[in-house]
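Okay, so here's the structure we're looking at.
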Amino acid sequence: MQDTSWIANILSNPFLRGLIIGLLVALVLWIRALFKMRQLSADIKKLREHLHTKLEIDSEENERRKAALDKIKQERDNLRNMVQVLNQKPGRQELRQAQIYQKAVEIMFEKSPGFAPAWQITLKEAEEEMRKAESGIIPFIKRMTTTAGSSTGSGEDSRKKTLELEEPTGN
């Protein structure tokens, strides 16, 4: 009986009764928080896995794009170097200048023969046309056929015109 009176004595004390009820509420809330933390931890782990997967996919895609960009830049640089090398070959500039002069002479004969200021205008027109031809606007074959086959005289006249463009060979 003394055991029950001791428990009854503790339960009859309002401070201890409030303390026990408070501890029980705290225990319930703590257990509930543990379950919630476990659930949130699992959610965080799941989100980290999703994020890791997404970053791997993005990284692979970025690497692929970077490799493609590097390849395209390399090709562009190679083509640019090739054009520079081809333009710097011996005789290339002279051939280009001869074609410009030939085209300018043809235009001058058509517009106004014997008129000196017309030479400057036609020379600029011919240079512009050659610039367009070099950039791909006028095909190379058309440029070559109009230069060689545009003379109106006989075969000897066209041969003389083309021979005039060649450099003298030591005479």
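The values are calculated or read from the model by the stated rules, or taken from the named source; none is laboratory data. The structure displayed is predicted, hence computed values, not measured ones. Note: ideal-geometry Cβ built from the backbone for every residue, glycine included; neighbour counts use all protein chains shown.
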Residues in segment 82-95 that are out of contact with any Leu (no Cβ under 8 Å at 6 or more places or on another chain), in a helix (DSSP H, G or I) and at pLDDT below 80 total 5
Exercise for review: Restrict the check to segment 66-81 and report whether at least one residue is more than 18 Å from the chain's Cα centre (by Cα), under 30 Å from GLU125 (Cα atoms), of a type in the set (S, T, N, Q) and part of a helix (DSSP H, G or I).
Suggested key: yes
Contact list, first residue from segment 67-80 and closer than 20 Å to SER135 by Cα, second anywhere and surrounded by 10 or more Cβ atoms within 10 Å (Cβ to Cβ) and acidic (Asp, Glu), beta-carbon distance below 9 Å, six or more apart or interchain, is none
